[in-house]
Amino acid sequence: MLLVIDVGNTNTVLGLYEGEQLTHHFRISTMASGTADEYGTLVLSLLERQGVEPTQIEGVILASVVPQLNRAFEEASLRYFGFEPIVVGPGVKTQMPILTDQPAEVGADRIVNAVAAWTRFKCALIVVDFGTATTFDAVREDGAYLGGAIAPGVVVSMDALFRRAAKLPRVEIRRPQRVVGKNTIGALQSGLFYGYVGLVDELAGRMQQELGEGTKVMATGGLAHLIAEESRTIDTVDEFLTLDGLRILYDMNRDVRRKGPGGSAK
């Protein structure tokens, strides 16, 4: 089995694959100061609940936007599974040219998403990822990564508004019955929901104009399904796009995995 790990600023998502099939997935809070033992024992407990033994894990791949946690996950993989994980970053094969000014600055999760989406559709496309930040990534028809856009995430925007405006309450992010809110909660939900639908459609629409006719828009992340219900530009949603991209990259790079002390490459 393959263990894939996507470390985000807010949540860490893990998946177990048997071949191309995602058999289990888990979402935990990202602990910025978490240690190798803390993460290792947590992962083992999640596996145990699904009846999976550590010896069944034949490979680990990691994408992280929290650099200080990379070492913790690398040590956890060595200690509990016997080998180092593949860490998505410079030097990892992607078969995707990165045509940005500073390729090393592009977040690992963004490259993983782009690889997964292009592998599936083989066409010009835009990936919208609703996470701590809302990111837009553009891939040319020939599979070259062009760049994109980054906006504050929906929850980040709501939290900032809540902290700065003493009388405004936290609200559930959902599609309100009407755009014109009849009370404070309705007005907030309208602004958050339709504001982000407008943000997505405007940015994705302008990128489609630059990439050309037939450019597909794919969404992933926690709020993808909700926003896609109203969006004019989003064509398809896959909440596990990043996990699938990690599986694809593992297959491209499995030959570089190294053994750890007492471990054996499998």
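Readers should treat all values here as calculations from the given coordinates under stated rules, not as data from a laboratory. On a predicted model such as this, the values are computed, not experimentally measured, just so you know. Positions of Cβ are generated from backbone atoms using ideal geometry, with glycine treated the same way; all protein chains shown enter the neighbour counts.
Roughly what % antiparallel, to the nearest 5, for the DSSP beta bridges in the chain?
Values: 28 of 45 bridges.
In the chain, approximately 60 percent of DSSP beta bridges are antiparallel ones.
By a straight-distance test (C-alpha under 17 Å), which aspartates and glutamates pair with K216 as possible cross-link partners, with residues fewer than eight away in the same chain excluded?
Result set, ordered by chain and number: D129, D137, E141, D142, D201, E202, E229, E230, D235, D238, E239.
Just order 40-47, 187-194 by mean Cβ neighbour count inside 10 Å, highest at the front, would you? Don't skip to the end; give the middle numbers.
Numbers: 40-47: 17.2, 187-194: 19.0.
Descending packing order for the listed peptides: 187-194, 40-47.
Please sort 58-71, 91-104 by packing, taking for each peptide the average over its residues of neighbouring beta carbons within 10 angstrom, highest first. Intermediate results must be reported in sequence, preceding the final value.
Working: 58-71: 19.5, 91-104: 12.2.
The packing order, highest mean first, is 58-71, 91-104.
Shape call for region 78-235 from the C-alpha gyration tensor, a ≥ b ≥ c root eigenvalues: rounded (a/c under 1.5), prolate (a/b greater than b/c) or oblate? Show your work: numbers first, answer last.
Numbers: a/c = 2.51, a/b = 1.53, b/c = 1.64.
Oblate is the answer for region 78-235, as a/c is 1.5 or above yet b/c matches or exceeds a/b.
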